[in-house]
Amino acid sequence: MPLSLSALTFPNIDPVLLQIGPLAIHWYGLGYVLGILLGWWYAKRLVQNNKLWRNNTPPLKPEDLDDFLVWAALGIVLGGRLGYILFYDFAAYRADPLQVFAVWRGGMSFHGGLLGVVLAIVIFCRRRAIPLFGLIDTLSPVAPIGIGLVRIANFINSELWGRPTDVPWAFVFPNGGPEPRHPSQLYEAALEGLLLFLVLRLLTHRALKLKQPGFVGGAFITGYGISRIIVEFFRVPDPQLGYLLGGWLTMGMILSLPMILVGGGAMIYASRARAA
């Protein structure tokens, strides 16, 4: 069936929000900054609400989150960059190592950023004697904020677009060829960002799952993994990797599957521990 040529007009927004001499502020970078700051603010509100926590006692203080802010930023940026290099385009960076530092050109991996933040959490908790699941459960409900903002920035940058389609909400991306394509970045912003945020909000404030250490963190990991696998069926994989099996399996799916298993296991463990 031939694809329809009708598509929505792509909003040609300059990826550079503000240019002051050699200093350029990109929407992409702003998404990370706003995501971290808004997440920090929301996380502080969570730990200030005693009713959400077991025995009405939050596992950490707001001041701990102030100190962890820099750790989180480093974990996201360093882990995300290293993850992209190792998982998605190692050959290119090995051939031109200086490109490792060109972060303004994109090239970040959520899975790598997640591993970077988890490592930062482990080290920080050991140094502060903070319960590991306490910090994980505090940060998990805020993560979709940054994810959603960065996916919107991906859309503005006309990158990570989807497969050709004839759905009426398709876009012709400036660098995506003449075919209308799925706005897969917006799918991810909706699923991994908005929807996951709302689900976790219900778990924290209605179901009071912060009283079961590990459950909210597991729900975030599972929810992201499921959402990412769904979107991968609409998103075009990185060209240097392509499809890995039978024309449908992608690296994003492979990296997300363990998240579902680990997250599901954490929720089961938390539920059983609470029942006991």
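Computed values, structure above
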{"read-out": "Separation of the Val100 and Leu30 label points, Cα + 7 Å toward Cβ, nm", "value": "3.1 nm"}
{"read-out": "Lys/Arg +1, Asp/Glu -1 at C-beta; the stretch 41-80 dipole; positive extreme among Leu65, Asn55, Trp41", "value": "Asn55"}
{"read-out": "Charge dipole of the chain about the Cα centre (unit charges at C-beta), most positive-ward option of His205, Ser109, Gly162", "value": "His205"}
{"read-out": "Given charges at beta-carbon only (K, R positive; D, E negative), |dipole| of the stretch 1-150 in Debye", "value": "440 debye"}
{"read-out": "Accessible area per residue in Å² at 1.4 Å probe, computed on the chain", "value": "52 Å²"}
{"read-out": "Most to least packed among 208-214, 58-64 [average Cβ atoms within 10 Å]", "value": "208-214, 58-64"}
{"read-out": "Net charge of neighbours whose Cβ lies under 12 Å from the Cβ of Phe87, counting Lys and Arg as +1 and Asp and Glu as -1", "value": "-1"}
{"read-out": "Cα gyration tensor category, rounded, prolate or oblate, for the stretch 91-242 with a/c compared to 1.5", "value": "oblate"}
{"read-out": "Filtered chymotrypsin sites (Phe, Trp or Tyr not before Pro), the stretch 154-226: DSSP coil and at most 14 other beta carbons within 10 Å", "value": "Trp169"}
{"read-out": "Relative contact order (percent, whole number), the chain, Cα cutoff 8 Å, 6+ residue spacing", "value": "21 percent"}
{"read-out": "Label point distance in nm, Trp41-Val16, each placed 7 Å from Cα along Cα→Cβ", "value": "2.8 nm"}
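The values are calculated or read from the model by the stated rules, or taken from the named source; none is laboratory data. Remember, it's a predicted structure, so these values are computed and weren't measured experimentally. No Cβ is skipped: glycine too gets one built from the backbone with ideal geometry, and neighbour counts run over all protein chains shown. When the accessible area is computed, the model is the full protein with side chains, heavy atoms only, and any ligands, DNA or RNA have been set aside. Shrake-Rupley method; radii C 1.70, N 1.55, O 1.52, S 1.80 Å.
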